[in-house]
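These notes are about the structure you will find just below.
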Amino acid sequence: MSEAPISETTAPATTGENPDPAVRQPTKRTAKAAPRKAAAKSPAKSPAKPRASRPKDTAGTSADAATLARGKVGRIPVVDVEPVVQGGLWPAKAVVGEAVPVRATVFREGHDSLAATAVLVAPDGSERSSARMSLLVPGTDRFEAFLTPDATGDWQFRVDAWSDPYASWEHAASIKVPAGIDVDLVLAEGANLLERAAQVPGRPSEDVEHLRGAVAALRDGSRPAPVRLAAATSSSVTAALEALPLRELVSPSTPRHLLVERERALVGSWYEIFPRSIGATYDVETGRWASGTFATAQERLPEIAAMGFDVVYLTPVHPIGTTFRKGPNNTLDAGPQDPGSPYAIGSPDGGHDAINPELGTFDDFDAFVARARQEGLEVALDLALQCSPDHPWVTEHPEWFVHRADGTIAFAENPPKKYQDIYPLDFDQDPEGIYAEVLRVVLLWVEHGVTIFRVDNPHTKPVQFWAWLTVKVREVAPDVLFLSEAFTKPAMMRELAAVGFTQSYTYFTWRTEASELGEYLVEVSSGARDSLSPDGAPDGTAHYLRPSFWPTTHDILTPDMQYGGPAAFALRAIIAATAVPTYGIYSGYELVENVARPGAEEQIDNEKYQFRPRDYAGAIAAGTSLAPLLTSLNRIRREHPSLQRLRGLTLHTADDPYTLAYSRRVPAEHSPTGKDDCVLVVVNLDPHATRETTVHLDVAALGLEPSAPFSARDLLTDETFTWWADAYVKLGPGRSAHVLHVTPLGPPTAAVAGEQPVAP
């Protein structure tokens, strides 16, 4: 049978391969068809019966399908590229300076060597950086590299798989030459290969000389074969080819999207306030309250900044309705002096685009923002998309609300709870109108200096709306961030993060046991589960859902916090501040406000319904405030890059079931300081008793040599211990945790393992 013409190229085009000077250029070889012999004449025969004709488009359809199938896979397959969100429907997320782990499964036919490179593409389409990928575990074909974006914007990344001809030749030559098999041929092939490598554009002249020297040595028949081979596999040659390899059959993966945001999207410590409570006063003689204002709230900002917080978060500051206004402790009988819930937004004074007159004016708000910035604080504002019955939207846009059969507007309910003072919005009757109005409101507050929105109950609004709004806001103000307060089912929480929310509240508040806390920390700090994940490992969310840990909120006071006393407040703050890069504290936390309203998991005399001025200075003077602890935690967070990244968490084990041990590490090559940083946290979760146990550490995860002692400096007390892989600890209510900076041990000391401090 004659052979059809064939064409040989480096890598058939699939998804549009980028030109690469280090890629071998295509060569073509055509095989001529053998001449046909003349057909012999045969006697005439009677005409044959006509056969059914084949449909004309069958061949074309088959060819198109085959071409399509061929285009679905690269010459060297690259599959399961991570990080990716919902198959690439939404971008993965990172912040400027964050090392993003890129993984892919890369394999090929036969035994020739292959390699892979992760490529980072900037928003302008230029290739900003690349990194040679390393095989994670032999035999898995799973590769990994880290890419670090250096600016905000919509980035892309891809994985280039490629044939490594030098590695293939070196492997074969190292076997054949010592065995005396095809020695001259093998060395000649090596010379040709290195000659091509020396011609790759962009190679430094010094490396070119090393390669040409190796070519000369390979072709020098007067030298012994092992000497010639050694010249071609020298460290200078391998270093040159490592820096700029000779790549063939380059097969790029489909580009994946990466949304890169500013650092606050990942790292921050929040402090929540009700502005009206700060500076509020009560006149005993008249029985009347005077509300705090933006001006009085300003006076608290230096103290918040001095504790080391980055963000001051304001609950809603808009006019509050009077219809069905709630009284103290969520009662229905509000008196004339009760301020009402700031979440019942809207009155004749205005709606979401207005300010409660008791707090001040827009000029006062602007002054508050300016003072916050002066203190190094960003301002986050609560975005609660709901209305009191007195909101202007109720009369101006009745189509934005749900109407019942009797014509009344439905108030908010979460049976058996009823919120008569709040009307939820209906986004389906006039989506264009309500979408545009919310966007206008958000951008109004952005103009007045708000850089972050804490969104109240986003899971009760359409996900489609949030996908639209976050993109529209980012088009105008790309630095604006959104925190999702979606205490809801995992599917909704994750979807809100995927479509555009920057950060999310989490289930941390309710995770109290060591086992469940450890499992949850792994989930929020890991990427998507892949073939190398341990059996039973959760599907991680670190590539798109950035968790924010809050021990309490103005809505939540769990039983553990109600009955655990100061020790519970201390240990939960320590975990929140060190387990993830973003955490938050509700004002009054430092005063250990732990009394709940009977029958509810929220504080009695809740600040949502009444003024709540506090004596912070008195608590500090009495030695009962947790402000010094919060200040220390925020200082530690600022000083240690490992606590400013979400990935890099390792769980360690302890013999005691009430002891939680975890570490966070950023290696030197990924650290902004250029130095390895590791923080180890050991916490006694029992707020009522002192517990002693042995902690068993994964020293490799700590970046240390196995079986060697190391230095562990407690960042809370400044004590230094010498620890081994198995360390004894004793922690109790007066000292709930160790927060340890782990480093290799310096000169020998007289210290012993465990709690014995090293002498200064």
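The values are calculated or read from the model by the stated rules, or taken from the named source; none is laboratory data. Values in this document were obtained by computation on a predicted structure and should not be read as measured data. Neighbour counts are summed over all protein chains in view; Cβ atoms, including those assigned to glycine, are modelled from backbone coordinates with ideal geometry. With ligands, DNA and RNA removed, areas are computed over all heavy atoms of the protein, side chains included. Shrake-Rupley method; radii C 1.70, N 1.55, O 1.52, S 1.80 Å.
Kindly provide the set of residues from the stretch 345-374 that are in contact with a Cys (Cβ under 8 Å, 6 or more places away or on another chain) and not in a strand (DSSP E or B), ordered by number. Within the stretch 345-374, GLY346, GLY351 qualify.
One residue alone among LEU731, LEU715 is over 30 Å from PHE146 (Cα atoms) and in contact (Cβ under 8 Å) with a residue 40 or more places away in the chain, and that residue is LEU731. Filter the stretch 457-480 for residues that are open to solvent by 10 Å² or more (accessible area, probe 1.4 Å) and touching a residue at least 40 places away in the same chain (Cβ under 8 Å) and give the result. Matches in the stretch 457-480: ASN457, LYS461, PRO478, ASP479. Considering GLY584, GLY540, the condition of being out of contact with any His (no Cβ under 9 Å at 6 or more places or on another chain), among the small types (Gly, Ala, Ser) and without any contact (Cβ under 8 Å) to a residue 24 or more places away in the chain is satisfied by GLY540 alone. Looking only at residues in the stretch 155-181 that are farther than 30 Å from LEU258 by Cα and charged (D, E, K, R), the one that is surrounded by the most Cβ atoms within 10 Å (Cβ to Cβ) is GLU170. In summary, no strands (runs of 3 or more DSSP E) completely within the stretch 262-317 bear 2 or more residues that are modelled with pLDDT under 95 and open to solvent by less than 30 Å² (accessible area, probe 1.4 Å). Please work out if ALA179 is in contact (Cβ under 8 Å) with a residue 12 or more places away in the chain and either at positive phi or of a type in the set (Gly, Ala, Ser) (or both). For ALA179, the condition - in contact (Cβ under 8 Å) with a residue 12 or more places away in the chain and either at positive phi or of a type in the set (Gly, Ala, Ser) (or both) - is not met.
Under the condition of being open to solvent by 60 Å² or more (accessible area, probe 1.4 Å) and more than 13 Å from ALA295 (Cβ to Cβ), the residues counted in the stretch 348-374 number 5.
Among all positions in the stretch 323-333, there is at least one residue which is more than 38 Å from the chain's Cα centre (by Cα), assigned to a strand (DSSP E or B) and surrounded by fewer than 20 Cβ atoms within 10 Å (Cβ to Cβ). Do you know which residues across the stretch 550-581 are assigned to a helix (DSSP H, G or I), free of Cβ contacts under 8 Å to residues at least 60 places away in the same chain and within 23 Å of the chain's Cα centre (by Cα)? Scanning the stretch 550-581 gives a single hit, ARG572. Total residues in the stretch 410-420 satisfying the condition of being open to solvent by 30 Å² or more (accessible area, probe 1.4 Å) and either closer than 20 Å to THR323 by Cα or touching a residue at least 40 places away in the same chain (Cβ under 8 Å) (or both): the figure is 7.
Residues in the stretch 639-674 that are assigned to a loop (DSSP other than H, G, I, E, B) and of a type in the set (Ser, Thr, Tyr): 3 in all. Scanning the stretch 204-227 for residues that are open to solvent by less than 20 Å² (accessible area, probe 1.4 Å) and either outside any helix (DSSP H, G or I) or within 20 Å of LYS176 (Cβ to Cβ) (or both) yields ALA214, VAL215, ALA217, LEU218.
Would you check if ALA619 is of a type in the set (Gly, Ala, Ser), in contact with a helix residue (DSSP H, G or I) (Cβ under 8 Å, 6 or more places away or on another chain), without any contact (Cβ under 8 Å) to a residue 60 or more places away in the chain and farther than 30 Å from PRO416 by Cβ? Against the criterion (of a type in the set (Gly, Ala, Ser), in contact with a helix residue (DSSP H, G or I) (Cβ under 8 Å, 6 or more places away or on another chain), without any contact (Cβ under 8 Å) to a residue 60 or more places away in the chain and farther than 30 Å from PRO416 by Cβ), ALA619 qualifies.
Taking interchain pairs and intrachain pairs at least six residues apart, which have beta carbon atoms under 7 angstrom, with the first residue in the stretch 89-111 and part of a loop (DSSP other than H, G, I, E, B) and the second among the basic types (Lys, Arg) and surrounded by fewer than 20 Cβ atoms within 10 Å (Cβ to Cβ)? So the pair list comes out as VAL96/ARG262. Within the stretch 597-630, the set of residues being within 34 Å of the chain's Cα centre (by Cα) and under 29 Å from TRP289 (Cβ atoms) comprises ALA600, GLU601, GLU602, GLN603, ASN606, GLU607, LYS608, SER625, LEU626, ALA627, LEU630. The selection criterion, being open to solvent by less than 40 Å² (accessible area, probe 1.4 Å), assigned to a helix (DSSP H, G or I) and not hydroxyl-bearing (Ser, Thr, Tyr), holds for LEU496.
In the set (1) without any contact (Cβ under 8 Å) to a residue 24 or more places away in the chain; (2) under 21 Å from ASP338 (Cβ atoms), PRO275 fails one condition alone, (1).
How many of the residues in the stretch 677-721 are small (Gly, Ala, Ser), at pLDDT below 95 and open to solvent by 50 Å² or more (accessible area, probe 1.4 Å)? Final tally of qualifying residues: 1.
As for the stretch 246-257, it holds no residue that is of a type in the set (Gly, Ala, Ser), in contact (Cβ under 8 Å) with a residue 12 or more places away in the chain, within 30 Å of GLU206 (Cβ to Cβ) and surrounded by 23 or more Cβ atoms within 10 Å (Cβ to Cβ). Consider the stretch 163-172 and keep the residues that are in contact with a helix residue (DSSP H, G or I) (Cβ under 7 Å, 6 or more places away or on another chain) and touching a residue at least 60 places away in the same chain (Cβ under 8 Å). The one that is nearest to THR233 (Cα to Cα) is TYR166.
Only a single criterion out of (1) farther than 30 Å from THR631 by Cβ; (2) open to solvent by 40 Å² or more (accessible area, probe 1.4 Å) is not satisfied by ILE320, namely (2).
Annotation: GLY407 fulfils all but one of (1) modelled with pLDDT under 95; (2) closer than 19 Å to HIS318 by Cβ; the unmet one is (2). Selection of the stretch 647-676 for residues being in contact (Cβ under 8 Å) with a residue 60 or more places away in the chain, open to solvent by 20 Å² or more (accessible area, probe 1.4 Å) and among the small types (Gly, Ala, Ser) yields GLY648, ALA654. With respect to the conditions (1) in a helix (DSSP H, G or I); (2) touching a residue at least 12 places away in the same chain (Cβ under 8 Å); (3) surrounded by fewer than 20 Cβ atoms within 10 Å (Cβ to Cβ), VAL442 lacks only one, and its number is (3). Going by what's in this entry, would TYR423 be described as open to solvent by 20 Å² or more (accessible area, probe 1.4 Å), modelled with pLDDT of 95 or more, under 26 Å from TYR609 (Cα atoms) and not hydrophobic (A, V, I, L, M, F, W, C)? Yes, satisfied. Checked against the criteria, LEU483 does not count as closer than 29 Å to TYR271 by Cβ and either assigned to a helix (DSSP H, G or I) or without any contact (Cβ under 8 Å) to a residue 60 or more places away in the chain (or both).
Just to be sure, is THR152 in contact with a strand residue (DSSP E or B) (Cβ under 6 Å, 6 or more places away or on another chain), hydroxyl-bearing (Ser, Thr, Tyr) and either within 27 Å of THR117 (Cα to Cα) or in contact (Cβ under 8 Å) with a residue 12 or more places away in the chain (or both)? Against the criterion (in contact with a strand residue (DSSP E or B) (Cβ under 6 Å, 6 or more places away or on another chain), hydroxyl-bearing (Ser, Thr, Tyr) and either within 27 Å of THR117 (Cα to Cα) or in contact (Cβ under 8 Å) with a residue 12 or more places away in the chain (or both)), THR152 qualifies.
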